């Protein structure tokens, strides 16, 4: 069975943080060795996952989502030590960083962002999925 390392070349580290059910991990920009597509790969140590069953259920749910404002999970791998989540790669950084940099957003941009956000939440709620902290 192929692994994430077999399928992808790492380009650079693009983030560190908390993901899914309190699990910490790193996010890398990667390139598919076969298709040359640029993706994001979250690597989450199994040691940091408090409940593997809940984590796996969450990944299964997220893989089913298909909405233009929700990052699509492309593939999912695991080995003895880590989970590898391959998703779309989105350039541009975090919304928070944009707000800090710009100090204020133009009304048209703010309205567009809010429309995308509310649309994604409505999509999830229609599937009986809710966001939680």
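The table below gives the values:
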item	result
Mean residue ellipticity (222 nm) of the chain, computed from DSSP H runs ≥ 4 via -39,500 (n - 2.57), nearest 500	-10000 deg cm²/dmol
Between 0 and 90°, nearest 10: helix 107-126 axis offset from the chain longest Cα axis	50 degrees
Selected from 13, 105, 65 as most flexible by GNM, with the chain as the system and alpha-carbon contacts under 10 Å	105
Rounded tilt (10° steps) of 52-63 against the dominant C-alpha axis of the chain	60 degrees
Most mobile listed residue (11, 99, 74) in the chain, GNM with C-alpha springs under 10 Å	99
From the coordinates shown, mean projected area of the Cα convex hull in nm² corresponds to which of (1) 6.8; (2) 9.4; (3) 7.2	(2)
Max mean-square fluctuation residue, GNM over the chain, Cα-Cα springs under 10 Å, options 25, 15, 92	92
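Rule-based calculations on the coordinates, nothing more; no lab input. In this text, all values refer to a predicted model and were calculated from it rather than measured experimentally.
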